[in-house]
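Quick notes on the structure that follows.
The values are calculated or read from the model by the stated rules, or taken from the named source; none is laboratory data. None of these values were measured; they are calculated from a predicted model. Note: ideal-geometry Cβ built from the backbone for every residue, glycine included; neighbour counts use all protein chains shown. Ligands, DNA and RNA are stripped out before the accessible areas are found, and what is left, the full protein with its side chains, is counted by its heavy atoms. Shrake-Rupley method; radii C 1.70, N 1.55, O 1.52, S 1.80 Å.
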Amino acid sequence: MSELPKTYEPQAIEEKWYAQWLQDGCFTADPQSSKPAYSIVIPPPNVTGVLTLGHVLNNTIQDILARRARMLGKEVLWLPGTDHAGIATQTVVERTLKKQGEIKHRDDLGRDKFLEKVWEWKDKHGGIIIQQLKKLGASCDWDRERFTMDEDYSRCVQSIFVDLYEKGHIYRGRRMVNWCPVSLTALSDEEVIMKQQNGVLYQFRVEVAESPGTFLSIATTRPETIPGDTAVAVNPKDSRYTHLVGKHVVRPLPAEMPHADRWIPIVADEHVDFEFGTGVLKVTPAHDKADFEIGQRHGLVAIDVLRANGVMNEQAGHGLAGLDRFEARKVAAEMLREMGALEKEDPYQNNVGYSERADVPIEPRLSEQWFLKYPSKEAARDVVADGKMKFYPERWAKVYDHWMENLQDWCISRQLWWGHRIPVWYHRESGEVHCGLHAPADAENWKQDNDVLDTWFSSWLWPFATMGWPEKTETLKKFYPTTDLVTGPDIIFFWVARMIMAGYEWMGEMPFKNVYFTGIIRDKQGRKMSKSLGNSPDPLDLIAKFGADALRFGVMRSAPLGQDVLFDEKNVELGRNFCTKLWNAARFRQMQGGESEGEIAPALLSSDDKWILLKLDGAIEEVSRALDEYRFSDAAQALYRFFWSEFCDWYLEACKAALYGSDEARKTNTLAVMDFVLGHALRLFHPFLPFITEELWHGLGYNGDLPAQQGGRTIMFARWPGVLGKDFRTHYGLDATDEALANARYEVVNQGRGLRRDANIASNKKVKFVFRPTSPLTAHDPEVLKILLNAEALEIVDATWAPAKGTPTALTPLGELFLPLEGLIDVGAERERIQKEIAKVEQELLTVRRKLSSDSFVAGAPAAVVDEHRHRQTAWQDKLAQLGRMLETLGS
RNA sequence: GCGCGGUUAGCUCAGUGGUAGAGCACCUGCCUGACACGCAGGUGGUCACAGGUUCGAACCCUGUACCGCGCACCA
């Protein structure tokens, strides 16, 4: 084995191993393999996106799952790819072209030229995030990388559309949709996010046409839409107004319109809440969803007063036409005031729907769009409700179910160019509609629909479209349904729910068996990461500074299941420190020389050896179970604790007694134990820390001479450690006795270190200790104690030995430990220390006694618990007595 | 309005009925023969509040408060 350098330098090592893995085809999935399948499809990032911490979290989890599955002997497919992200990408490209002065509007280029530009952009910037994922160590099968606008994928999307059209699930209609006045397209309900707004509630009055002098007061937040009002509505049960139903009011705007043309009816509708405002609602069927429905019920006309971009049109009348909707709002209120109709203006908080992408209020707008009635709803709902498909954390199942219960038709058409164009043609003369993969033979007589499909209409096919559907490919046969899906809960409706429905509709089966929902990454103040706040660190900077393993470990260690993740660079630093610790522990092993991975001789095992082997067994069990249950931070935590606190802090120190001793056989055996533990630890760590573990696997010579696929060359295919188990324990004689002995010894050390501190002796100063054991010690005990106490000497004495007055003394499970320091002790300080301990013990004793003296406790608690309390009481009593004697010996 | 999380050390969080924990931060001492990205020792908590169940509650139940999120919304 070659010697490990003094410090771990992640950059070169990461690059080296990633290239090696690629070269050896370690990530490539073989559908012909006889191994059981394990598969994940990546949630495809936007093709123009760059890596964020959210991606780091999400993809590290997937990589951990994939790498562990390989070690468990599965044939693993982690299928990567990118999403064309319709609106996002088109917006970015359009904005850039505008900035470069190439165009003022995309119309300047026309559809085909514009799309060329988008493709150019995609080719130039599309690979970035993929490269970044590689830096993170993602073990995706890059040979199978897919893009939602690949030729075959596009064909797949279109045939799905045709299929649904033929099944009658897709229809076209003029409906109220969510319109984004900036992106100039319809949006689905899911793309609208409600935001609380500080606005104004205006109250204005209108005159009843048939009874001049009688007025109705109306509350509204949108006076600019008054020219679009075609009725006012009251609740049929509202006695204040029932006598007016059927009459008319005079709509105040547009003012220049003849009086008679501004008469609008008063209708009675259940929808009106008579508690709210004045109990009178202005009805604007063209600009409000609820109003539209009222309009339908009462046969009202809809007057559209807005252009697509949110500017008032001619119908809005003088003074408003040409103004932006928000400007028009103020102006309309002013106009009402001038005509004496404005009664009140109150500050008002309400919720307004915003376009998720453009971050502006959407407009409810009447337009011709394509809609989908979701297929396979029942199967999709049941599979989660029945627990056949598992959600982690489970509570998302309820959210899912609630949404599935209230499914609304999906508006799938978008007025964009970048995307899958709707495969529908209209006959130029007859208007006949043709839906199919190609235009009809007499193509020149037909015109294709201008719209494209919602991005999610392609993403929902991801689990099988990426595997070659509709062909029955080997990949599909082997790897569908996929095993795990890892994604954010924010796209549970956008993506997860729809994939489940699509899976059932076209594959007849669920698309994945388990769904893991990550938390959302926030900054350490709990705010969402955002570009404008500048609180979103670049993962690549972090990788450059600390290493990919450090980033992965830091993020995973602080990402508990079901909770948001508060990101703090400190965590990555901790990850880096941990890698260094791992590195140095390995280096320490290497410095001892000797054969790599020698045979362990059970007869030569010390209690320390047995202790660490039992701890290792516990760690394997704990880590495996945590990973089985998707508790990644628990697994990371357990590994951290095991390796640092147990292996390094105790075992590596304790075993120096054997390593620095003269017994070669014991030394060799100790090295074998170290190799055994390190070899297991490296494998347990590998899913979290792929690079450093691979480097050390080789550096320590654990790779052996086996071929790669058998765990020889790479740790990637080394077998995942199973629990050592009963046979192992029997064979190596691991039992509770040795563990207890080691624990007791470590307690002696703790006590001794306490003595040092109280005597103000620096930890690096070697001093002499005296130990008076209560029962015989083995030869091993003093050696270890001496090392761990950093003692110059450890003198073992018998009961006849008495310390000089004032000698600091500690009570330990194995006997009394003295720190003889002639003339150096501060008797007062030592007395204080003992008294402090006495106080503590007395407190404990009091608690236990109080419990035991309670009849109800003794009668009511299980016998074992009462017993345990009795033992505890005895122990505290003994300790108290001894402490008292110590105080006596101390003298004054 | 309905639903879901959360409230434990200065900070971030573990801890599902029987002696309150970790990491970071802080304090003290140390470059002790792997590691100062380290070692050793230490300070720090009436477990949000109020009731209840229980021999016993951070933990189970009920309610309250506050923080966060989702869904649905009244113009």
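Below is a table of values for the structure above.
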| read-out | value |
| --- | --- |
| Quotient of Cα Rg and 2.2 N^0.38 Å for region A:575-629, N being how many residues it contains | 1.44 |
| Chain lengthening between A:Lys840 and A:Asn535 when straightened (0.36 nm per residue, less Cα-Cα) | 105.2 nm |
| Between region A:91-135 and region A:12-72, the alpha-carbon center distance in angstrom | 28 Å |
| Fully extended contour minus Cα-Cα distance, from A:Asp108 to A:Ala829, at 0.36 nm per residue | 250.8 nm |
| At R0 = 45 Å, FRET efficiency that the Cβ-Cβ distance of A:Arg849 and A:Asp798 yields, to 0.05 | 0.85 |
| Principal semi-axes in Å for chain A [√(5λ), Cα gyration tensor, largest first] | 71, 37, 24 |
| About the Cα centre, charge dipole magnitude for region A:397-552 (Lys/Arg +1, Asp/Glu -1 at Cβ), debye | 800 debye |
| Simple spin-label estimate for A:Glu334 and A:Thr889 in nanometres, 7 Å along Cα-Cβ | 9.5 nm |
| Approximate shape of region A:258-415 as ellipsoid semi-axes (Cα gyration tensor, √5λ), whole Å, largest first | 39, 19, 18 |
| Region A:77-215 - Rg over Rh from alpha carbon coordinates, Kirkwood radius | 1.16 |
| Accessible-area order (highest first, 1.4 angstrom probe) of the listed residues A:Arg106, A:Arg641 | A:Arg641, A:Arg106 |
| Length released on extending from A:Gln315 to A:Met257, taking residue separation times 0.36 nm less the Cα-Cα span | 19.9 nm |
| Between region A:596-632 and region A:176-240, the alpha-carbon center distance in angstrom | 69 Å |
| A:Asp386 accessible area, assembled protein chains, probe 1.4 Å, Å² | 120 Å² |
| Region A:140-293: C-alpha gyration tensor shape, a/c 1.5 cut-off, then a/b vs b/c | prolate |
| For region A:765-874: lysine pairs under 23 Å (alpha-carbon distance), excluding those fewer than 8 apart on one chain | 7 |
| Exposure rank, largest accessible area first [A:Val486, A:Val352; 1.4 Å] | A:Val352, A:Val486 |
| Net charge of neighbours whose Cβ lies under 13 Å from the Cβ of A:Leu551, counting Lys and Arg as +1 and Asp and Glu as -1 | -2 |
| Expected-Rg normalisation [2.2 N^0.38 Å, Cα atoms] applied to region A:27-111 | 1.62 |
| Between region A:435-475 and region A:335-359, the alpha-carbon center distance in angstrom | 43 Å |
| Expected 222 nm ellipticity per residue - DSSP helices of 4 or more, -39500 (n - 2.57), all of chain A, to 500 | -12500 deg cm²/dmol |
| Test item: Cα-centred dipole of chain A, Lys/Arg +1 and Asp/Glu -1 on Cβ, debye | 1320 debye |
| Simple label model, 7 Å out from Cα along Cβ direction - A:Arg872 to A:Thr7, nm | 4.9 nm |
| Whole-percent pair-distance distribution, where bins are 5 Å wide, for the alpha carbons of region A:785-892 | 2, 10, 18, 17, 15, 13, 9, 7, 5, 3, 1 |
| Distance (nanometres) between label positions extended 7 Å along Cα→Cβ at A:Ala762 and A:Val250 | 9.9 nm |
| Nearby lysines by direct alpha-carbon distance to A:Lys282 (threshold 30 angstrom, same-chain neighbours under 8 apart not counted) | A:Lys195, A:Lys237, A:Lys247, A:Lys330, A:Lys344 |
| Cut-off 14 Å, label 7 Å out along Cα→Cβ of A:Gln415, residues of region A:442-457 by amide N | A:450-452 |
| Size-normalised alpha-carbon gyration radius of region A:683-785, reference 2.2 N^0.38 Å | 1.65 |
| Label point at A:Ala379 placed 7 Å out along Cα→Cβ; residues across region A:130-170 whose backbone nitrogen lies under 20 Å | A:156-170 |
| Sequence of A:Arg831, A:Arg772 when ordered by accessible area, the most exposed leading, probe 1.4 angstrom | A:Arg831, A:Arg772 |
| Distance violations [Cα-Cα > 23 Å] among A:Lys477/A:Lys513; A:Lys135/A:Lys545; A:Lys134/A:Lys615 | A:Lys134/A:Lys615 |
| Positive-end residue, chain A charge dipole about Cα centroid, Cβ charges, pick of A:Leu77, A:Leu323, A:Leu845 | A:Leu845 |
| Cβ-Cβ FRET estimate between A:Asp442 and A:Ile128, R0 fixed at 30 Å, reported to 0.05 | 0.10 |
| Length-normalised contact order for chain A - Cα pairs under 8 Å, 6+ apart - percent | 12 percent |
| Charge-dipole axis of region A:342-447 as Lys and Arg at +1 and Asp and Glu at -1 on Cβ define it, positive-most pick from A:Tyr348, A:Ser376, A:Gln408 | A:Ser376 |
| Signed unit charges on C-beta, dipole axis of region A:224-293, positive-most listed residue A:Ser239, A:His287, A:Ile226 | A:Ser239 |
| Proximal lysines relative to A:Lys99, as straight alpha-carbon distance under 25 Å, when same-chain residues fewer than 8 apart are discounted | A:Lys113, A:Lys117, A:Lys122, A:Lys124, A:Lys531 |
